[in-house]
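S.K.: Let me begin by handing over the structure; questions about it come next.
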Amino acid sequence: MSNIRLPARIEDLERFMQFVSTCATGQGFTKERMKEIELALEEALVNIFNYAYPDEHTGEVEVRCKTDDDTGFIIEILDTGIPFDIQSLSEPDLDASILERKIGGLGIFLIREMVDEVHYRRDGDTNILTLLFNK
Amino acid sequence: MEAIMETTTRKQGNAVVVTVKGKLDAVSSPEFEKGLAELIAEGEKVFIIDFGELDYISSAGLRSILATAKKLKAKEGQLLLSTLKDVVKKVFEVSGFSSIIPIHESVESALAQI
(Lines give C-alpha, C1' and ligand atoms only; values in the text may rest on other atoms or scores of the structure.)
Protein backbone atom coordinates (compact mmCIF):
# COMPACT_ATOMS: atom_id res chain seq x y z
CA MET A 1 0.00 0.00 0.00
CA SER A 2 1.17 3.53 -0.69
CA ASN A 3 -0.28 6.73 0.67
CA ILE A 4 -0.21 10.52 0.52
CA ARG A 5 -1.37 13.00 3.13
CA LEU A 6 -1.99 16.63 2.23
CA PRO A 7 -4.10 19.61 3.31
CA ALA A 8 -7.78 19.37 2.38
CA ARG A 9 -7.71 22.14 -0.21
CA ILE A 10 -8.33 22.54 -3.91
CA GLU A 11 -4.74 23.71 -4.48
CA ASP A 12 -3.58 20.17 -3.74
CA LEU A 13 -6.15 18.37 -5.90
CA GLU A 14 -3.66 17.80 -8.71
CA ARG A 15 -1.11 16.22 -6.36
CA PHE A 16 -3.70 13.73 -5.08
CA MET A 17 -4.74 12.95 -8.66
CA GLN A 18 -1.13 12.40 -9.76
CA PHE A 19 -0.56 10.09 -6.82
CA VAL A 20 -3.51 7.83 -7.64
CA SER A 21 -2.78 7.96 -11.33
CA THR A 22 0.73 6.65 -10.60
CA CYS A 23 -0.73 3.87 -8.39
CA ALA A 24 -3.23 2.82 -11.04
CA THR A 25 -0.74 2.80 -13.90
CA GLY A 26 0.29 -0.70 -14.82
CA GLN A 27 -2.86 -2.28 -13.33
CA GLY A 28 -4.23 -3.04 -16.78
CA PHE A 29 -6.91 -0.36 -16.83
CA THR A 30 -7.86 1.18 -20.16
CA LYS A 31 -7.28 4.89 -20.67
CA GLU A 32 -11.04 5.34 -20.44
CA ARG A 33 -11.30 3.48 -17.12
CA MET A 34 -8.38 5.53 -15.75
CA LYS A 35 -10.44 8.69 -16.38
CA GLU A 36 -13.37 7.16 -14.50
CA ILE A 37 -11.11 6.37 -11.55
CA GLU A 38 -9.83 9.94 -11.67
CA LEU A 39 -13.40 11.25 -11.77
CA ALA A 40 -14.55 9.26 -8.73
CA LEU A 41 -11.48 10.44 -6.83
CA GLU A 42 -11.96 14.11 -7.75
CA GLU A 43 -15.60 14.07 -6.70
CA ALA A 44 -14.79 12.42 -3.36
CA LEU A 45 -11.93 14.82 -2.63
CA VAL A 46 -13.76 17.99 -3.65
CA ASN A 47 -16.63 16.97 -1.43
CA ILE A 48 -14.23 16.69 1.51
CA PHE A 49 -12.50 19.99 0.61
CA ASN A 50 -15.86 21.76 0.56
CA TYR A 51 -17.68 20.19 3.48
CA ALA A 52 -15.53 18.14 5.84
CA TYR A 53 -13.94 21.02 7.72
CA PRO A 54 -16.53 23.80 7.90
CA ASP A 55 -14.97 25.83 10.73
CA GLU A 56 -11.29 25.57 10.03
CA HIS A 57 -8.97 25.22 7.12
CA THR A 58 -6.33 23.08 8.71
CA GLY A 59 -7.81 19.66 8.02
CA GLU A 60 -5.99 17.04 6.04
CA VAL A 61 -6.89 14.20 3.74
CA GLU A 62 -5.05 10.96 3.35
CA VAL A 63 -5.37 8.88 0.21
CA ARG A 64 -4.17 5.29 0.13
CA CYS A 65 -4.13 2.95 -2.80
CA LYS A 66 -3.59 -0.74 -3.00
CA THR A 67 -4.19 -3.64 -5.29
CA ASP A 68 -5.84 -6.83 -4.18
CA ASP A 69 -5.56 -9.75 -6.59
CA ASP A 70 -9.02 -10.98 -5.63
CA THR A 71 -10.98 -7.73 -5.47
CA GLY A 72 -9.19 -5.18 -7.65
CA PHE A 73 -7.82 -1.68 -7.27
CA ILE A 74 -8.78 0.02 -4.01
CA ILE A 75 -8.60 3.70 -3.06
CA GLU A 76 -9.17 4.67 0.56
CA ILE A 77 -9.83 8.31 1.41
CA LEU A 78 -9.54 9.35 5.04
CA ASP A 79 -10.42 12.63 6.73
CA THR A 80 -11.11 13.71 10.28
CA GLY A 81 -13.89 16.14 9.40
CA ILE A 82 -17.57 15.94 10.19
CA PRO A 83 -19.15 12.50 9.68
CA PHE A 84 -20.51 12.15 6.18
CA ASP A 85 -21.89 8.97 4.70
CA ILE A 86 -22.14 9.50 0.96
CA GLN A 87 -24.48 6.56 0.72
CA SER A 88 -27.05 8.46 2.77
CA LEU A 89 -27.67 10.98 -0.04
CA SER A 90 -30.66 10.52 -2.29
CA GLU A 91 -30.29 10.35 -6.06
CA PRO A 92 -30.54 13.62 -8.00
CA ASP A 93 -33.65 14.22 -10.08
CA LEU A 94 -32.31 13.25 -13.49
CA ASP A 95 -35.56 14.15 -15.22
CA ALA A 96 -35.74 17.78 -14.08
CA SER A 97 -35.77 20.50 -16.75
CA ILE A 98 -32.86 22.85 -17.25
CA LEU A 99 -34.26 25.53 -14.94
CA GLU A 100 -35.27 23.09 -12.22
CA ARG A 101 -32.12 21.05 -12.31
CA LYS A 102 -30.06 21.30 -9.16
CA ILE A 103 -26.42 20.47 -9.15
CA GLY A 104 -26.12 19.33 -5.55
CA GLY A 105 -25.49 15.64 -5.07
CA LEU A 106 -24.31 15.17 -8.62
CA GLY A 107 -20.69 14.58 -7.63
CA ILE A 108 -21.70 11.81 -5.24
CA PHE A 109 -23.94 10.32 -7.89
CA LEU A 110 -21.02 10.27 -10.34
CA ILE A 111 -18.86 8.44 -7.77
CA ARG A 112 -21.49 5.71 -7.49
CA GLU A 113 -21.72 5.45 -11.29
CA MET A 114 -17.96 5.15 -11.81
CA VAL A 115 -16.97 2.66 -9.10
CA ASP A 116 -17.72 -1.02 -8.82
CA GLU A 117 -18.18 -0.70 -5.06
CA VAL A 118 -18.22 2.14 -2.56
CA HIS A 119 -18.09 1.73 1.22
CA TYR A 120 -18.13 4.24 4.04
CA ARG A 121 -17.30 3.79 7.67
CA ARG A 122 -16.59 6.09 10.60
CA ASP A 123 -13.71 4.89 12.73
CA GLY A 124 -13.31 7.05 15.86
CA ASP A 125 -12.95 10.58 14.49
CA THR A 126 -12.08 9.45 10.97
CA ASN A 127 -14.26 9.12 7.86
CA ILE A 128 -13.04 6.29 5.67
CA LEU A 129 -14.37 6.11 2.14
CA THR A 130 -13.36 3.09 0.11
CA LEU A 131 -13.67 3.01 -3.66
CA LEU A 132 -13.19 -0.29 -5.42
CA PHE A 133 -12.51 -0.75 -9.13
CA ASN A 134 -12.62 -4.27 -10.50
CA LYS A 135 -9.73 -5.28 -12.70
CA MET B 1 3.24 23.12 -15.74
CA GLU B 2 0.99 22.40 -18.68
CA ALA B 3 -2.35 24.23 -18.60
CA ILE B 4 -5.13 21.83 -17.64
CA MET B 5 -7.68 23.59 -19.83
CA GLU B 6 -7.46 25.84 -22.86
CA THR B 7 -10.22 27.49 -24.81
CA THR B 8 -10.29 29.10 -28.22
CA THR B 9 -13.20 31.21 -29.31
CA ARG B 10 -14.36 32.17 -32.77
CA LYS B 11 -17.45 33.83 -34.14
CA GLN B 12 -19.40 32.01 -36.79
CA GLY B 13 -22.44 33.91 -37.98
CA ASN B 14 -24.25 34.98 -34.82
CA ALA B 15 -22.87 32.05 -32.84
CA VAL B 16 -19.78 31.90 -30.68
CA VAL B 17 -17.95 28.61 -31.08
CA VAL B 18 -15.86 27.79 -28.02
CA THR B 19 -13.41 24.92 -28.38
CA VAL B 20 -12.33 23.45 -25.06
CA LYS B 21 -9.19 21.37 -24.77
CA GLY B 22 -7.96 19.37 -21.78
CA LYS B 23 -9.88 18.95 -18.54
CA LEU B 24 -12.89 20.64 -17.00
CA ASP B 25 -12.37 19.81 -13.35
CA ALA B 26 -12.87 21.59 -10.03
CA VAL B 27 -9.78 23.71 -10.71
CA SER B 28 -10.40 24.80 -14.31
CA SER B 29 -14.21 24.99 -14.46
CA PRO B 30 -14.65 28.30 -12.58
CA GLU B 31 -12.31 29.97 -15.09
CA PHE B 32 -14.21 28.40 -18.00
CA GLU B 33 -17.55 29.60 -16.62
CA LYS B 34 -16.16 33.10 -16.04
CA GLY B 35 -14.99 33.31 -19.66
CA LEU B 36 -18.45 32.40 -20.91
CA ALA B 37 -20.10 34.83 -18.48
CA GLU B 38 -17.94 37.64 -19.89
CA LEU B 39 -19.05 36.85 -23.43
CA ILE B 40 -22.70 36.78 -22.31
CA ALA B 41 -22.17 40.16 -20.59
CA GLU B 42 -20.85 41.48 -23.92
CA GLY B 43 -24.17 40.50 -25.49
CA GLU B 44 -23.45 37.08 -27.00
CA LYS B 45 -26.49 34.83 -26.86
CA VAL B 46 -25.75 31.76 -28.98
CA PHE B 47 -22.96 29.41 -27.95
CA ILE B 48 -21.67 26.18 -29.39
CA ILE B 49 -19.25 24.49 -27.02
CA ASP B 50 -17.02 22.10 -28.93
CA PHE B 51 -15.83 19.32 -26.62
CA GLY B 52 -13.97 17.43 -29.37
CA GLU B 53 -10.66 17.89 -27.57
CA LEU B 54 -12.01 17.61 -24.04
CA ASP B 55 -10.62 14.53 -22.28
CA TYR B 56 -12.34 14.82 -18.92
CA ILE B 57 -15.22 16.50 -17.14
CA SER B 58 -16.35 16.30 -13.52
CA SER B 59 -19.45 17.63 -11.76
CA ALA B 60 -17.68 21.01 -11.50
CA GLY B 61 -17.65 21.15 -15.30
CA LEU B 62 -21.30 20.12 -15.47
CA ARG B 63 -22.08 22.86 -12.96
CA SER B 64 -20.44 25.47 -15.22
CA ILE B 65 -22.41 24.23 -18.23
CA LEU B 66 -25.68 24.26 -16.29
CA ALA B 67 -25.05 27.77 -14.90
CA THR B 68 -24.29 29.05 -18.42
CA ALA B 69 -27.34 27.34 -19.91
CA LYS B 70 -29.55 28.94 -17.25
CA LYS B 71 -28.12 32.41 -17.92
CA LEU B 72 -28.71 32.00 -21.65
CA LYS B 73 -32.21 30.62 -21.17
CA ALA B 74 -33.08 33.76 -19.19
CA LYS B 75 -31.89 35.87 -22.15
CA GLU B 76 -33.63 33.66 -24.71
CA GLY B 77 -30.24 32.53 -25.91
CA GLN B 78 -29.01 29.08 -26.84
CA LEU B 79 -26.32 26.71 -25.65
CA LEU B 80 -25.42 23.72 -27.78
CA LEU B 81 -22.69 21.17 -27.22
CA SER B 82 -20.83 19.26 -29.85
CA THR B 83 -18.48 16.33 -30.31
CA LEU B 84 -18.55 14.68 -26.89
CA LYS B 85 -16.26 11.70 -26.65
CA ASP B 86 -15.47 8.80 -24.34
CA VAL B 87 -15.75 9.56 -20.64
CA VAL B 88 -17.14 13.06 -21.30
CA LYS B 89 -20.02 11.51 -23.24
CA LYS B 90 -20.59 8.96 -20.49
CA VAL B 91 -20.73 11.67 -17.79
CA PHE B 92 -23.34 13.60 -19.77
CA GLU B 93 -25.37 10.45 -20.27
CA VAL B 94 -25.36 9.12 -16.70
CA SER B 95 -26.00 12.57 -15.22
CA GLY B 96 -29.05 13.10 -17.42
CA PHE B 97 -27.49 16.25 -18.90
CA SER B 98 -27.78 14.74 -22.39
CA SER B 99 -31.51 15.17 -22.16
CA ILE B 100 -31.50 18.81 -20.98
CA ILE B 101 -28.75 20.28 -23.18
CA PRO B 102 -28.79 19.76 -26.96
CA ILE B 103 -25.81 17.69 -28.04
CA HIS B 104 -24.61 17.42 -31.63
CA GLU B 105 -22.18 15.11 -33.38
CA SER B 106 -20.25 18.01 -34.91
CA VAL B 107 -19.97 21.79 -34.80
CA GLU B 108 -21.44 21.88 -38.30
CA SER B 109 -24.60 20.03 -37.27
CA ALA B 110 -24.94 22.32 -34.23
CA LEU B 111 -24.61 25.38 -36.48
CA ALA B 112 -27.34 23.99 -38.72
CA GLN B 113 -29.72 23.92 -35.73
CA ILE B 114 -29.43 27.59 -34.84
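S.K.: Just how much of B:LYS45 is accessible, in Å², when a 1.4 Å probe is used and the result is rounded to the nearest 10?
M.R.: Accessible surface of B:LYS45 is approximately 100 Å².
S.K.: With +1 on each Lys and Arg Cβ and -1 on each Asp and Glu Cβ, how big is the dipole of the protein assembly as shown about its Cα centre, in debye rounded to the nearest 20?
M.R.: So the dipole magnitude of the protein assembly as shown works out to roughly 700 debye.
S.K.: Of A:LYS102/A:LYS135; A:LYS31/B:LYS73; B:LYS11/B:LYS89; A:LYS31/B:LYS71; A:LYS35/B:LYS71; A:LYS135/B:LYS70, which sit over 32 Å apart, Cα to Cα?
M.R.: Violating the 32 Å Cα-Cα cut-off are A:LYS102/A:LYS135; A:LYS31/B:LYS73; A:LYS31/B:LYS71; A:LYS135/B:LYS70.
S.K.: Mind checking the dipole of chain A: about its Cα centre, +1 per Lys or Arg Cβ, -1 per Asp or Glu Cβ, Debye to the nearest 20?
M.R.: On the way: 14 positive and 27 negative charges, 60 e Å.
That gives a dipole near 280 debye.
S.K.: Among DSSP beta bridges lying fully in the range B:5-107, give the percent that are antiparallel, nearest 5.
M.R.: Of all bridge pairs located within the range B:5-107, approximately 35 percent are antiparallel.
S.K.: Order these peptides, B:13-24, A:81-92, B:31-42, B:49-60, by their mean beta-carbon neighbour count within 10 angstrom, highest first.
M.R.: So the peptides B:13-24, A:81-92, B:31-42, B:49-60, ranked by packing, come out B:49-60, B:13-24, B:31-42, A:81-92.
S.K.: Follow-up question, since we're still on this one. Would you mind giving the three semi-axes, in whole Å and largest first, of the ellipsoid equivalent to the range A:71-119 according to its Cα gyration tensor?
M.R.: Largest first, the range A:71-119 gives 25, 15, 8 Å.
S.K.: Quickly estimate the mean residue ellipticity at 222 nm for chain A, helices only: each DSSP H run with n ≥ 4 gives -39500 (n - 2.57), and the total goes over all residues, rounded to 500.
M.R.: Working: 3 runs with 42 residues, N = 135.
Result for chain A: -10000 deg cm²/dmol, rounded to the nearest 500.
S.K.: Still on this structure, I have one more. Let a ≥ b ≥ c be the square roots of the eigenvalues of the Cα gyration tensor of the protein assembly as shown; is it rounded (a/c under 1.5), or, if not, prolate (a/b larger than b/c) or oblate?
M.R.: Prolate.
S.K.: Net charge around B:GLU44, counting only other residues with Cβ within less than 10 Å of its Cβ (Lys, Arg = +1; Asp, Glu = -1)?
M.R.: My count for the surroundings of B:GLU44 gives +1.
S.K.: How far apart, in nm, are two points set 7 Å out from the Cα along the Cα-to-Cβ line at A:HIS119 and at A:ILE10?
M.R.: That separation, rounded to one decimal, is 3.3 nm.
S.K.: Mind checking B:23-31 for the average number of partner chain beta-carbons within 10 Å of each residue's beta-carbon?
M.R.: 3
S.K.: So, in Å, what gap is there between the alpha-carbon centers of the range A:74-105 and the range A:21-36?
M.R.: Each part reduced to its Cα centre gives a spacing of 24 Å.
S.K.: What's the local net charge at A:ILE128, with K and R +1, D and E -1, over the other residues with C-beta under 13 Å away?
M.R.: -3
S.K.: Find the Rg to Rh ratio for the range B:5-107, where Rh is the Kirkwood radius over alpha-carbon pairs and Rg uses the same atoms.
M.R.: 0.92
S.K.: Report the charge-dipole magnitude of the range B:5-107 in Debye, nearest 20, computed about the Cα centre from +1 at each Lys and Arg Cβ and -1 at each Asp and Glu Cβ.
M.R.: 260
S.K.: For the range A:65-132, state which trypsin sites (Lys or Arg not before Pro) are in a DSSP loop and have at most 16 other beta carbons lying within 10 Å of their beta carbon.
M.R.: A:LYS102
S.K.: Per residue of A:75-86, count partner chain C-beta atoms within 10 Å of its C-beta, then hand back the mean as an integer.
M.R.: 0
S.K.: What average number of partner chain Cβ atoms lie no more than 10 Å from the Cβ of the residues making up B:94-104?
M.R.: Partner Cβ neighbours, averaged per residue: 4.
S.K.: Related question: Between A:ALA96, A:ALA44, A:ALA24, which gets the highest mean-square fluctuation from a Gaussian network model of chain A, Cα cutoff 10 Å?
M.R.: Maximum fluctuation in the GNM of chain A, among the listed residues, is at A:ALA96.
S.K.: Additional query: Name the long-range amide H neighbours of B:VAL27: under 5 Å, sequence gap of 5 or more, or other chain; modelled H, no Pro or chain starts.
M.R.: Answer set, sorted by chain and number: none.
S.K.: Under a point spin-label approximation (7 Å from Cα along Cα-to-Cβ), what is the B:GLU108-A:THR71 distance to one decimal in nm?
M.R.: Placing both labels 7 Å along Cα→Cβ, they lie 5.1 nm apart.
S.K.: If you filter the range A:65-135 for GluC sites (Glu not before Pro), then keep DSSP loop positions with at most 14 other Cβ within 10 Å, what is left?
M.R.: On the way: sites: A:GLU76, A:GLU100, A:GLU113, A:GLU117; in loops: A:GLU100.
Taking the range A:65-135 and a limit of 14 other Cβ atoms within 10 Å, the loop GluC sites (Glu not before Pro) found are A:GLU100.
S.K.: From the helices alone, meaning DSSP H stretches of at least four residues, give me the mean residue ellipticity at 222 nm for chain B, per-run term -39500 (n - 2.57), in deg cm²/dmol to the nearest 500.
M.R.: -12000 deg cm²/dmol
The values are calculated or read from the model by the stated rules, or taken from the named source; none is laboratory data. Just so it is clear, the structure is predicted and the values come from calculations on it, not from any experiment. Reconstructed Cβ throughout: ideal geometry from the backbone, glycine too, with neighbour counts over all protein chains shown. Remember, those area values only see protein heavy atoms, side chains included, never the ligands or the DNA or RNA. Shrake-Rupley method; radii C 1.70, N 1.55, O 1.52, S 1.80 Å.
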